[in-house]
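Please read the structure below before turning to the comments.
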């Protein structure tokens, strides 16, 4: 919905008429907006293969007559829900993969319970992911598994891949994955070790509340929420705009709490000491060096990513030890890279052409 | 050469967009300062401390009222989680046994397509 930038005086009556019609539609649709719920998200048919505390492993039911030999395990970011990759039919990354013949599994997260505050980085990297990989192997009957990690799910996948050098990871794809945490300037400043007492926070609250996570994301663009609400009102006559707004707004505000010990490790090891970038990272006493990842590797980054700026992600490709590796920068932001109308045209076909020939 | 904007609606939209960018940029600059981090974290630390004290006070109150404390509920939740995990394990073992003995499950092996897919460039398919 783009308004014309110039105005022909002869068209003024039509323009006024159009604006009056939109004003009437706004009133009608505005009432509808508050009296209806948004579209149903994450509805692609799936089975829960395994569930344990904060972790759930889904298997999506295939949608093509034949599938690639190598199954795909998607590792979702621990701060957000996986349905961003399965919005609605036609705008679902999962559905796209299924229709292109991939056998898709997802490691998704729910809010850690109070008693899960003691979950550590080790639990995620040395237990949850390997457990899911084993179950994917069992369920699919295949030894090889390709892994796709989104945002911090990419960081977890990198840690997993660098520690489990001998497989069974066949391919690794990361979407918007930071490794140089100094370059996440605002997050770095929020967690400045001189002023941010992470021990006090974690010891006081246990799990880090979702409101705090959401606020820190929103503070990166403090005016954007208000502006998006103005844009919603302007475009509330437009059903497609409203549908898209509701999907993304619901997902963005559906932030998960983070397990306390896990958050402590992220703050100290990654935000403060930048260990992944400095090649000094270890998990459970096991060294995690990116150069030890030798499998085919694809990193997709977004040109206008305000959450993971390119400077925080750009060194990943050089540090990975694989010979077969590629970085692709696409137009879009942190979320529109992977979901929505732009992703349908840009990232998804690119991923399919890269992964298909490596999945046989 | 910039295009002149005469349409008031387009002008309004441009103004809102420019304001958003300007405010975000200004706020980001302000939030990049160590002083901002100090102030925010001091406030956050006080809030976390207050939350902890309130939690302890509530626990004492619950004990007085002869109601289960948070720790007791948490212990129950842990036991429940342990039971859930064991059920999950049992389900997994049963699925494996069913698979090995040929018994069909909710989404059975029969309905799984063969893993013979080739990329379009190899199989000659149109993309």
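The values are calculated or read from the model by the stated rules, or taken from the named source; none is laboratory data. Being a predicted model, the structure only gives us computed values, none of them experimental. Cβ atoms come from the backbone with ideal geometry, glycine included; neighbour counts cover every protein chain shown.
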> Across the stretch A:161-177, what is the number of residues that are within 18 Å of residue A:291 (Cβ to Cβ) and within 17 Å of the chain's Cα centre (by Cα)?
Replying inline: 3
>> What are the pairs with Cβ atoms under 7 angstrom where one residue, in the stretch A:347-359, is on the phi > 0 side of the Ramachandran plot and the other, located anywhere, is surrounded by 21 or more Cβ atoms within 10 Å (Cβ to Cβ)? Sequence gap at least six, or different chains.
In response: none
> Of all the residues that make up the stretch B:36-61, how many are in contact (Cβ under 8 Å) with a residue 12 or more places away in the chain and within 9 Å of chain A (Cβ to nearest Cβ)?
Replying inline: 1
>> Need the failing condition index for residue B:13 against (1) buried (at least 16 other Cβ atoms within 10 Å of the Cβ); (2) within 20 Å of residue A:215 (Cα to Cα), just the number.
In response: (2)
>> Looking only at the stretch A:136-153, filter to residues that are surrounded by fewer than 22 Cβ atoms within 10 Å (Cβ to Cβ) and assigned to a loop (DSSP other than H, G, I, E, B); which one of those is farthest from the chain's Cα centre (by Cα)?
In response: A:141
> For residues in the stretch A:81-106 being out of contact with any strand residue (DSSP E or B) (no Cβ under 6 Å at 6 or more places or on another chain) and under 20 Å from residue A:156 (Cβ atoms), which is farthest from the other protein chains (Cβ to nearest Cβ)?
Replying inline: A:84
>> Looking only at the stretch B:16-33, filter to residues that are more than 28 Å from the chain's Cα centre (by Cα) and over 30 Å from residue A:194 (Cα atoms); which one of those is farthest from the other protein chains (Cβ to nearest Cβ)?
In response: B:18
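Taking the stretch A:140-149 as the region of interest, how many residues are out of contact with any helix residue (DSSP H, G or I) (no Cβ under 7 Å at 6 or more places or on another chain) and more than 14 Å from chain B (Cβ to nearest Cβ)?
1
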> Within the stretch A:301-329, which residues are under 14 Å from the mean Cα position of the chain (by Cα) and either more than 14 Å from every other protein chain (Cβ to nearest Cβ) or buried (at least 17 other Cβ atoms within 10 Å of the Cβ) (or both)?
Replying inline: A:301, A:302, A:305, A:307, A:308
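Let's see how each residue does on (1) farther than 21 Å from residue A:356 by Cβ; (2) away from every other protein chain (no Cβ under 13 Å); (3) not in a helix (DSSP H, G or I):
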position: A:108; (1), (2), (3): yes, yes, yes
position: A:112; (1), (2), (3): yes, no, yes
position: A:115; (1), (2), (3): yes, no, no
position: A:155; (1), (2), (3): yes, yes, no
position: A:161; (1), (2), (3): no, yes, no
position: A:167; (1), (2), (3): no, yes, yes
> Inside the stretch A:330-360, can you point out the residues that are more than 13 Å from every other protein chain (Cβ to nearest Cβ), farther than 22 Å from residue A:161 by Cβ and not in a loop (DSSP other than H, G, I, E, B)?
Replying inline: A:330, A:341, A:342, A:343, A:344, A:345
> Within the stretch A:219-237, which residues are more than 11 Å from every other protein chain (Cβ to nearest Cβ) and either farther than 20 Å from residue A:27 by Cβ or not in a helix (DSSP H, G or I) (or both)?
Replying inline: A:236, A:237
> Just a yes or no: is a residue in the stretch B:62-76 at the interface with chain A (Cβ under 10 Å from one of its Cβ atoms) and modelled with pLDDT of 75 or more?
Replying inline: yes
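State all residues of the stretch A:79-91 that are over 9 Å from the mean Cα position of the chain (by Cα) and within 16 Å of residue A:106 (Cβ to Cβ); if no residue qualifies, say none.
Scanning the stretch A:79-91 gives A:83, A:86, A:87.
If you take the residues of the stretch A:187-204 that are facing chain B (nearest Cβ under 7 Å) and surrounded by fewer than 20 Cβ atoms within 10 Å (Cβ to Cβ), which of them is nearest to the chain's Cα centre (by Cα)? Step through it out loud before you land on a result.
Pass one, the stretch A:187-204, residues facing chain B (nearest Cβ under 7 Å): A:189-190, A:192, A:195-197, A:200-201, A:204.
Imposing the further condition that a residue be surrounded by fewer than 20 Cβ atoms within 10 Å (Cβ to Cβ) reduces the set to A:189, A:192, A:195, A:197, A:200, A:204.
Details: A:189: 23, A:192: 25, A:195: 29, A:197: 27, A:200: 29, A:204: 28 Å.
Across the stretch A:187-204, the extreme among qualifying residues is A:189.
How many residues does the stretch A:37-78 hold that are in a loop (DSSP other than H, G, I, E, B) and touching a residue at least 12 places away in the same chain (Cβ under 8 Å)? Full working, then the answer.
Narrowing the stretch A:37-78 to residues in a loop (DSSP other than H, G, I, E, B): A:37-45, A:53-54, A:61-71, A:76-78.
Then keep just the ones that are touching a residue at least 12 places away in the same chain (Cβ under 8 Å); that gives A:38-45, A:53-54, A:61-64, A:66-71, A:76-78.
Looking only at that region, the number is 23.
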> Of the conditions (1) modelled with pLDDT of 75 or more; (2) in a helix (DSSP H, G or I); (3) more than 24 Å from the chain's Cα centre (by Cα); (4) more than 30 Å from residue A:192 (Cα to Cα), residue B:36 fails just one. Which one is it?
Replying inline: (4)
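Looking only at the stretch A:238-285, which residues are part of a helix (DSSP H, G or I) and touching a strand residue (DSSP E or B) at 6+ places or on another chain (Cβ under 6 Å)? First the steps, then the outcome.
Just the residues of the stretch A:238-285 that are part of a helix (DSSP H, G or I), to begin with: A:239-253, A:260-272.
Residue satisfying the conditions is A:263 alone.
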>> So residue B:91 ticks every box in (1) modelled with pLDDT of 75 or more; (2) assigned to a helix (DSSP H, G or I); (3) more than 9 Å from chain A (Cβ to nearest Cβ) but one. Which box is left unticked?
In response: (3)
>> Go through (1) under 26 Å from residue A:256 (Cα atoms); (2) modelled with pLDDT under 85; (3) in a loop (DSSP other than H, G, I, E, B) for residue A:3 and report which single condition fails.
In response: (1)
>> The conditions are (1) more than 10 Å from chain B (Cβ to nearest Cβ); (2) under 20 Å from residue A:268 (Cβ atoms), and residue A:136 fails exactly one of them. Which is it?
In response: (2)
